[in-house]
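Inspection log for the structure reproduced underneath, given as structure tokens.
The values are calculated or read from the model by the stated rules, or taken from the named source; none is laboratory data. Computed from a predicted model, the values in this text were never measured in an experiment. Glycine gets a Cβ as well: all are built from the backbone with ideal geometry, and neighbour counts include every protein chain shown. Quick note on the areas: whole protein, heavy atoms, side chains included, nothing else; ligands and nucleic acids left out. Shrake-Rupley method; radii C 1.70, N 1.55, O 1.52, S 1.80 Å.
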Amino acid sequence: MADDRDRDGTEVAVAEFHKKIKEAFEVFDHESNSTVDVREVGTIIRSLGCCPSEGELHDLIAEVEEEEPTGYIRFEKFLPVMTEVLLERRYRPIPEDILLRAFEVLDPAKRGFLTKGELIKYMTEEGEPFSQEEMEEMLSAAIDPETNSINYKDYITMMVIDEN
Amino acid sequence: MGSGISTQHHFAFQNAEKAFKAAALIQRWYRRYMARLEMRRHCTWSIFQSIEYAGQQDQVKLHNFFSYLVDHVTPSSHNERDFLTRMLTEQRSPQDSEMENRSDYESIEVPDSYTGPRLSFPLLPDHATALVEAFRRKQRLHARYVLNLLHEARKHLVQLPNINRVSTCYSEEVTVCGDLHGQLDDLIFIFYKNGLPSPERAYVFNGDFVDRGKDSVEILMVLFAFMLVYPKEFHLNRGNHEDHMVNLRYGFTKEVMHKYKIHGKKILKLLQDVFCWLPLATLVDEKVLILHGGVSDRTDLELLAKLDRHKIVSTMRYKTRKEKKKQAEEKGKANQTGSAERPSPWFLPQSRSLPSSPHRPSTHKAPRAGRSSSVPCGVPPDPKELSHRVRHSVDLELERCRQQAGFPAIREREEPSASESEVDSDAEEQPEPTPEEWRQVVDILWSDPMAQEGCRANTVRGGGCYFGPNVTERLLQKYNLQLLIRSHECKPEGYEFCHGRKVLTIFSASNYYEVGSNRGAYVKLGPDLTPHIMQFQANKATHTLTMRQRISRVEESALRALREKLFAHSSDILVEFKKHDKDETGLITLSDWAAAVESVLHLGLPWRMLRPQLVSSLTDNKLAYKSWLENLAKEKLSQQNIQSSLLETLYRNRSNLETIFRIIDSDHSGSISLDEFRHTWKLFSSHMNIDITDDCICDLARSIDFNKDGHIDINEFLEAFRLVEQSCSGGDVSDCPQATDSSNSGCSSPGAH
């Protein structure tokens, strides 16, 4: 009995995931031929609720690419892989408190903020470095021009409200 | 000591590792955030586009409705017939040939108190420049000069061929601009950034100068002025909005009447003619073809060059006389045999749902194998002939409509007195294009490129076609061309290449849907004919906003429009919801919600992506749909306490309503009589199967007749129900008159097709 219910539950979940994935995919399927530019796949995956690192994204793309990469990803290959990802709840988003702690690691003196220079240094030299464009975009929203620093607690709160 | 150092190293290493991981975490989170913004931006764009194109389709449907009236309605009274006749005929009565007469504007006095620009002809370059400057300072040109300028413009246009030719031997560079849609700031910016027109700096403006924006008049004045000053270097192509029928719906007519209360009608009449004289295309160095919409697999440049473009008054649908006559004859025969046949009108929508999204022509519900024939049309008949037509009808469906609409059942069975000779003599007075000629022009003014091969009818817009890369290739080869530049479609970056970079879309109205929605662009061609794109966004405010804020603002605007659309179809949506809730729990799953709204609206939108913005509270992951719909209605309830369902209907039809009003108001006075309103509403609602009682509408109309004189002020009516935005007063100052740009020269085009 329990197995049947589980199976039904999974089937329903899979059907729903399929619809979600198809919708997100189609937003970028500009030629209406069930393909998207490989450069947009990251956006699609992330907007489906996943939060992979660049490395993880790279691996995922390798899974859905053609044998001979064409620069395009086909829906037929994307769908099963993405469905698995969603079913397994891979690449879960980062909770607010973890994010806060990450900022605090970069601010050992516990000032409550990072200077613009510090933020730039960490984001462009550590982890999976930002491109210049990414850095500029983050700065434009995060940095308080009067203090030239980012109050990370406020920043997180602002961004999180935005999401919802 | 050794261990001390290694411990230090250990700590240092640990700290470094921690920092590394922390940074990686933040970056990971941030990238996801940006990706979601990107997705929202795309969804927002889809919303705007699908609603815009659905609106254009509505426009065509509306004109079908009037065609239907013309063909089928048998007015039971003299008044009715006159009303219809007046409503539907072009104003080309004998008095109007006075239009040629100079005394039209010469008699208009310009008061000494007038401080605006004064024009004298022939125009000099300084005058044109001064005009731009005057408009930039928000001055208004006096009606006399407007009419004078339009007369001169018309005289010039008449001499031009259908396809203008520009050579880079004479002008060193040619700048091509796309749709401006009444956005004067963008035009001023282009001149500021790129330089004013001159013999060395040729310009081609590719249509759609008017409608939607608030300064269409000023744009036309500037464009015509420069055209007169630099006739060899300054070129204009006609767009689908250079069309008085389209102007009725999309704001230009309203703008003219608002700015020129006394002489507006004269101006509009003259403009109607001027628009017909605009050339259809421009050719640069015999290699680059510039036209407004696109091409079809039937496009024949030789035919286009030869036809009399002046005959194409409007590209809206009207049947040709021959077709009408033929139909009338067939009806006559059916009448005589007393057949009870009910031919179903060919244009009545099968369902009330809207067409599918423009992005998915391939999944459109009504598949067409190849190119379907576009609807032929011609110049609408003159009043005499019209009244003959109108008297001639036998349709049983019509009878039902009439009974529903409350007209008496008596039908006049007059003999059709339209004789062959009468028709022919009329034909001589007003020549009309052949169906093929008309189709050629509609194609180049309305078509859009698509990614797939082939050529199919553009059902989303209601005119022209979708043309594929092979159609482009064939055309370019046939006429030995290398590039097709067109406009007609708004693009986020202001431009877009497609068909292997053989087709360039250029769109010059920045912030078209909303502040921050898109950039504008123009393209420069030198003697080597390599396109150099320049982008801009004529609103300083957008540059101080972060991408996040820009997207939020635009998104909010799109969502508002979408919520309105949802509200306007509440009844249908409720029906669909109930289908998914057989047990009557009052709840449905989100999946069902998405399916239901799509099946009613047919906008092809990613509903699951949009769901968080449209549906806020859930119980057990399900939606209580009745209260959700009620919330949508709450946003829309006006001060008047009218039923939600009536308001819903008004909302659904508001653009049509406004257009109908303006058509009825043939003297552009801004008000219509209660009777006219009632008649038209009755016919319209029975035609569209709208279920609103007659009494309701009468009460509504009466309540709007604030001064009880039997007339409704159009604007009051529309604004009373918040069917339109409060109209801006003439002296609106835009927030940021100075434009700044983010230019991107060079021919690289990121993310192009």
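Would you mention how many residues in the range B:463-477 are in contact with a helix residue (DSSP H, G or I) (Cβ under 9 Å, 6 or more places away or on another chain) and surrounded by fewer than 24 Cβ atoms within 10 Å (Cβ to Cβ)?
So the first thing to find is which residues in the range B:463-477 are in contact with a helix residue (DSSP H, G or I) (Cβ under 9 Å, 6 or more places away or on another chain), and the list is B:463-467, B:475.
In the following step, the residues that additionally are surrounded by fewer than 24 Cβ atoms within 10 Å (Cβ to Cβ) were identified as B:475.
Selection size over the range B:463-477: 1.
Where residues in the range B:204-239 are open to solvent by 10 Å² or more (accessible area, probe 1.4 Å) and under 14 Å from the mean Cα position of the chain (by Cα), which of them is nearest to B:N653 (Cα to Cα)? Among those that are open to solvent by 10 Å² or more (accessible area, probe 1.4 Å) and under 14 Å from the mean Cα position of the chain (by Cα), it is B:R212. Per the listing B:K582, B:K565, the residue uniquely away from chain A (no Cβ under 12 Å) and free of Cβ contacts under 8 Å to residues at least 12 places away in the same chain is B:K582. So, of the residues in the range A:121-144 that are outside any helix (DSSP H, G or I) and within 11 Å of another protein chain (Cβ to nearest Cβ), which turns out to be farthest from B:Y33 (Cα to Cα)? Restricting to residues being outside any helix (DSSP H, G or I) and within 11 Å of another protein chain (Cβ to nearest Cβ), the top hit is A:E126. Residues in the range B:512-534 that are in contact (Cβ under 8 Å) with a residue 40 or more places away in the chain, open to solvent by 10 Å² or more (accessible area, probe 1.4 Å) and over 21 Å from B:Q482 (Cβ atoms): B:Y512, B:Y513, B:E514, B:S517, B:R519. Looking at A:K20, A:K77, can you tell me which residue is over 24 Å from B:Y33 (Cβ atoms) and among the charged types (D, E, K, R)? Answer to the check: A:K77.
Among the residues examined, B:S591 qualifies as within 12 Å of chain A (Cβ to nearest Cβ), open to solvent by 10 Å² or more (accessible area, probe 1.4 Å) and within 22 Å of A:F28 (Cβ to Cβ).
Of the listed requirements (1) touching a Ser or Thr at 6+ places or on another chain (Cβ under 9 Å); (2) in contact (Cβ under 8 Å) with a residue 12 or more places away in the chain, A:N33 misses just one: (2).
Being assigned to a helix (DSSP H, G or I) and at pLDDT 90 or above: is that true of B:A12 here? Against the criterion (assigned to a helix (DSSP H, G or I) and at pLDDT 90 or above), B:A12 does not qualify.
Got a sec? Which strands (runs of 3 or more DSSP E) wholly within the range B:435-496 have at least 3 residues that are under 30 Å from B:A538 (Cβ atoms) and of a type in the set (A, V, I, L, M)? Steps first, answer last, please.
Values: elements: B:455-457, B:465-467, B:483-486.
Because the criterion is at least 3 residues that are under 30 Å from B:A538 (Cβ atoms) and of a type in the set (A, V, I, L, M), the strands (runs of 3 or more DSSP E) in the range B:435-496 that meet it are B:483-486.
Any residue in the range A:58-86 that is assigned by the TED database to the domain that holds A:V38 sitting within a Cβ distance under 6 Å of a residue that is among the acidic types (D, E)? List the pairs, counting only those 6 or more apart or interchain. Within 6 Å, the pairs are A:V81/A:E63.
Does any residue of the range A:46-65 turn out to be closer than 29 Å to B:T589 by Cβ and over 14 Å from the mean Cα position of the chain (by Cα)? Yes: one or more hits.
For residues that are closer than 20 Å to B:Y203 by Cβ and surrounded by fewer than 20 Cβ atoms within 10 Å (Cβ to Cβ), tally how many sit in the range B:135-153. Looking only at that region, the number is 2.
Are any residues in the range A:99-120 facing chain B (nearest Cβ under 10 Å), in a helix (DSSP H, G or I) and over 16 Å from the mean Cα position of the chain (by Cα), and if so, which ones? Correct list: A:R101, A:A102, A:F103, A:E104, A:V105, A:L106, A:L119. Just wondering, is there one or more residues in the range B:605-613 that are in a helix (DSSP H, G or I), of a type in the set (D, E, K, R) and more than 18 Å from A:E26 (Cβ to Cβ)? No; the residues of the range B:605-613 include none that is in a helix (DSSP H, G or I), of a type in the set (D, E, K, R) and more than 18 Å from A:E26 (Cβ to Cβ).
Report, by residue number, each residue of the range A:17-67 that is of a type in the set (D, E), open to solvent by 50 Å² or more (accessible area, probe 1.4 Å), facing chain B (nearest Cβ under 8 Å) and assigned to a helix (DSSP H, G or I). Selection gives A:E26, A:E54. Scanning the range B:561-595 for residues that are in a helix (DSSP H, G or I) and within 27 Å of A:T43 (Cα to Cα) turns up B:A561, B:L562, B:R563, B:L590, B:S591, B:D592, B:W593, B:A594, B:A595.
The lone criterion from (1) free of Cβ contacts under 8 Å to residues at least 40 places away in the same chain; (2) assigned to a loop (DSSP other than H, G, I, E, B); (3) open to solvent by 20 Å² or more (accessible area, probe 1.4 Å); (4) not aliphatic (A, V, I, L, M) left unmet by B:E242 is number (3).
Given the criteria open to solvent by 10 Å² or more (accessible area, probe 1.4 Å) and within 14 Å of chain A (Cβ to nearest Cβ), does B:K502 qualify?
No.
Each residue in the range B:104-122 was checked for being closer than 21 Å to B:L271 by Cβ and of a type in the set (D, E), and 2 pass. Residue count for the range B:237-276 under the criterion of being under 21 Å from B:M227 (Cα atoms) and in contact with a His (Cβ under 6 Å, 6 or more places away or on another chain): the result is 4. If you go through the range B:284-306 and keep only what is open to solvent by 10 Å² or more (accessible area, probe 1.4 Å) and over 17 Å from B:C465 (Cβ atoms), you end up with B:D285, B:E286, B:K287, B:E302, B:A305, B:K306.
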